[in-house]
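A short worksheet on the structure shown next.
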Amino acid sequence: MSGLLLDIFKVHCRARRQHVKTFLATHFNGQCVCVRTFQTYSSLLAARKKMATQSLTVERKSQIKEQYFDYFLILDFEATCKENEKIYPQEIIEFPVIKINAKTLQVESTFHQYVEPKVYKELTPFCTQLTGIIQDMVDGKPHLEETLQSFDKWMLDNKLLGADTKSLFVTCGDWDLKTMLPSQCSYFKIPVPKYFGQWLNIKKGFAEVTGSYPREMMGMLSSLQIPHQGRHHSGIDDCKNIGNILVELLHRGYVAKASCSNR
Ligand code: AMP
Ligand code: MG
């Protein structure tokens with residue numbers, strides 16, 4: 001049976017002196033209609049309420065498994081760039097991290113800071129077009145060193161630094177924590193906090209679940225039929241989309257683990 005589900009409240013029909021068959025022929029000619037009749041309006045409402053609850057519980061057959069981590073920290077840097085040209089030193093201009101509770105899969109906290117570059121202070125039109133970050137958004141903002149200090153405080157405030165709390169950074173690709181952060185820290189002689197030493201590249205999780213290695217984030221979203229949110233290459237929006245990919249993989253039975261390490 002497909003098509004319409006029609007709930008008929010009998011008293012109402014009788015009052016209009018309309019036979020059900022005539023009513024159906026007039027209004028739903030040729031359509032497949034499933035009819036339920038109710039003697040009272042309250043029994044009709046109760047049946048609908050029950051159905052709404054049932055459809056919610058069968059909406060998704062989740063296979064979430066127990067995880068090794070208490071929290072997932074989704075991270076996606078944006079950095080200075082030029083079109084078809086390398087920039088050295090490349091500098092982080094957006095530093096977003098979203099904290100997801102591994103049990104509830106809810107976002108519990110967000111760290112988000114635009115960062116002023118020190119060397120190439122003027123963003124290229126290409127960089128603004130790519131990331132949506134305009135000059136005003138970075139001018140006068142903290143540099144990387146200060147941002148790392150604020151982030152460390154956020155980690156502490158969020159109780160992510162205790163020995164009994166396990167968290168895992170999650171990125172799309174290895175560029176953020178293997179290349180970008182270590183190279184800028186090395187250039188400016190800033191120590192890299194130890195907790196950035198290992199992470200999950202979500203592409204590896206995707207490959208484990210689906211059997212095919214993805215090229216980039218948009219491909220994973222479309223393959224998993226997750227609507228893209230916000231603006232691609234906005235760091236905070238990319239974090240939300242990577243978070244949605246992770247949650248979908250977890251629902252499909254994925255057990256998250258570190259895929260790469262600098263330690
Ligand atoms: P994404 O996380 O993919 O948004 O990219 C991170 C950073 O990589 C961007 O902020 C840019 O610095 C750089 N990037 C990404 N795509 C390009 C591109 N097509 N050309 C030059 N740089 C890029
Ligand atoms: Mg990005």
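Name the residue that is surrounded by the fewest Cβ atoms within 10 Å (Cβ to Cβ), counting only residues in segment 227-263 that are farther than 19 Å from T131 by Cα and within 16 Å of ligand 2 (Cβ to nearest atom). So, considering only residues that are farther than 19 Å from T131 by Cα and within 16 Å of ligand 2 (Cβ to nearest atom), the one surrounded by the fewest Cβ atoms within 10 Å (Cβ to Cβ) is N244. In segment 197-221, the qualifying residues are those that are in a helix (DSSP H, G or I) and more than 16 Å from ligand 1 (Cβ to nearest atom), and the one that is farthest from F151 (Cα to Cα) is T210.
Yes/no matrix, rows are residues, columns are (1) farther than 24 Å from Q198 by Cα; (2) within 14 Å of ligand 1 (Cβ to nearest atom):
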| site | (1), (2) |
| --- | --- |
| L105 | no, no |
| F126 | yes, yes |
| T131 | yes, yes |
| D139 | yes, no |
| L168 | no, no |
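Taking the conditions exactly as written (more than 26 Å from the chain's Cα centre (by Cα), within 22 Å of Q184 (Cβ to Cβ), within 15 Å of ligand 1 (Cβ to nearest atom) and surrounded by 12 or more Cβ atoms within 10 Å (Cβ to Cβ)), does Q113 satisfy them or not? Against the criterion (more than 26 Å from the chain's Cα centre (by Cα), within 22 Å of Q184 (Cβ to Cβ), within 15 Å of ligand 1 (Cβ to nearest atom) and surrounded by 12 or more Cβ atoms within 10 Å (Cβ to Cβ)), Q113 does not qualify. G173 meets all of the listed conditions (1) at negative phi; (2) surrounded by 15 or more Cβ atoms within 10 Å (Cβ to Cβ) but one, namely (1). Among the residues of segment 223-263, those that are more than 16 Å from S62 (Cα to Cα) and in a helix (DSSP H, G or I) comprise S223, G235, I236, D237, D238, C239, K240, N241, I242, G243.
Only the coordinates and a few stated rules stand behind these numbers; no lab work does. Please read all numbers here as calculations on a predicted model, not as lab measurements. Positions of Cβ are backbone-derived with ideal geometry, glycine not excepted, and every protein chain shown enters the neighbour counts.
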